[in-house]
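Working notes for the structure below.
The values are calculated or read from the model by the stated rules, or taken from the named source; none is laboratory data. Predicted model only: the values in this text are computed from it and were never measured. Note that we place each Cβ from the backbone using ideal geometry, even for glycine, and neighbour counts take in every protein chain shown.
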Amino acid sequence: RVADAVALQPDMELVGIADIVTDWRIQSAAGRFPLFASTDEARQAMLQAGLPVAGSLEDLLGQVDVIADTTPKHVAAENLPRYRAAGVKLVLQGGESHETTGHSFVAQANYESALGRDMTRVVSCNTTSIVRVLGALQDADLLAKARGVLIRRATDPWESHLGGIMNTMVPESKIPSHQGPDAQTVLPGLDLVTIAAKGAHTQTHNHYWTLQLTRPASREEVLAALCAAPRIAFIRMADGLVALNSTIELMNDLGRPRGDMWEVAVWE
């Protein structure tokens, strides 16, 4: 996703992808993007798998201005000394802690505060949704406080054969769940508490909010505040969009790459 997104930008050039795997994920990138090996062991494995290797991670770092690290959580923090030694700017993903970069990012909410920084962290999809929705209401001077319940998918679809849960729901053991404090790293003024649980599904997440507004407001005013946000989209049950799976089918029918939903869908 990141490589394809960078390749679409008119003011960016994708230099390459560094990885340690040799499976279908990196094979699908071979021939489209230069491949680099993150470790010596990975280089040997990639060559044995018939993958073209353009060089090492250090070779890649010597050619780039910015690296986007999409490795599993905590790996990026381990890679940080290599990035700093190379003097490159850095974008991490939400599995890393806020303290790793000192800045957490959602474009709709705090773009300006990221300008000029050497590194930032793009928060998770759940946290991004919270910031977009509550931030839109906050921008309209409507939000006093929010209390939310998050039903999370059990695992990512591409690895659902490896684990996850079936025929149950698993609540997080602490209140607040981590998404609320994480959203406050982007918008410190948010008054919110989140509770989360994992459901036995692998398609998207679902959020429910109870809101206290700063003043009486009509339904139309609340909807207008949400509509003003660039990455919030309204959907309607009357259109047959009655469940999470139907929103995924809509994205596929719209021709979205990988069936991705770039917006937060809000039932109107």
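Values for this structure:
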read-out: Residue identified as touching a Ser or Thr at 6+ places or on another chain (Cβ under 6 Å), of a type outside the set (A, V, I, L, M) and within 18 Å of Leu211 (Cβ to Cβ) among Arg147, Arg132, Arg153; value: Arg147
read-out: All positions within region 185-236 that are polar (S, T, N, Q), in a loop (DSSP other than H, G, I, E, B) and either within 18 Å of Cys125 (Cα to Cα) or not assigned by TED's automatic domain parsing to the domain that holds Val131 (or both); value: Thr185, Thr202, Gln203, Thr204
read-out: Region 125-169 - residue that is part of a loop (DSSP other than H, G, I, E, B) and either small (Gly, Ala, Ser) or not assigned by TED's automatic domain parsing to the domain that holds Ala200 (or both) and, of those, surrounded by the fewest Cβ atoms within 10 Å (Cβ to Cβ); value: Gly163
read-out: Pairs, first in contact (Cβ under 8 Å) with a residue 24 or more places away in the chain in region 60-76, second assigned to a loop (DSSP other than H, G, I, E, B) and among the small types (Gly, Ala, Ser), C-beta under 6 Å, six or more apart; value: Leu60/Gly16
read-out: Selected residue (criterion: nearest to Ala200 (Cα to Cα)) from residues of region 237-268 that are in contact with a strand residue (DSSP E or B) (Cβ under 7 Å, 6 or more places away or on another chain) and in a helix (DSSP H, G or I); value: Leu244
read-out: Selection within region 76-135 - among the acidic types (Asp, Glu) and either at positive phi or more than 17 Å from the chain's Cα centre (by Cα) (or both); value: Glu78, Glu99, Glu112, Asp118
read-out: Residue ID - nearest to His98 (Cα to Cα), chosen from residues in region 147-191 that are in contact (Cβ under 8 Å) with a residue 40 or more places away in the chain and in contact with a Lys or Arg (Cβ under 7 Å, 6 or more places away or on another chain); value: Asp191
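Listed here are the residues, each with its yes/no results for (1) out of contact with any Pro (no Cβ under 6 Å at 6 or more places or on another chain); (2) in the same structural domain as Arg117 (by TED's automatic domain parsing); (3) surrounded by fewer than 18 Cβ atoms within 10 Å (Cβ to Cβ); (4) of a type in the set (Lys, Arg).
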| position | (1), (2), (3), (4) |
| --- | --- |
| Val15 | yes, yes, no, no |
| Trp24 | yes, yes, yes, no |
| Thr39 | yes, yes, yes, no |
| Arg43 | yes, yes, no, yes |
| Arg82 | yes, yes, yes, yes |
| Val91 | yes, yes, no, no |
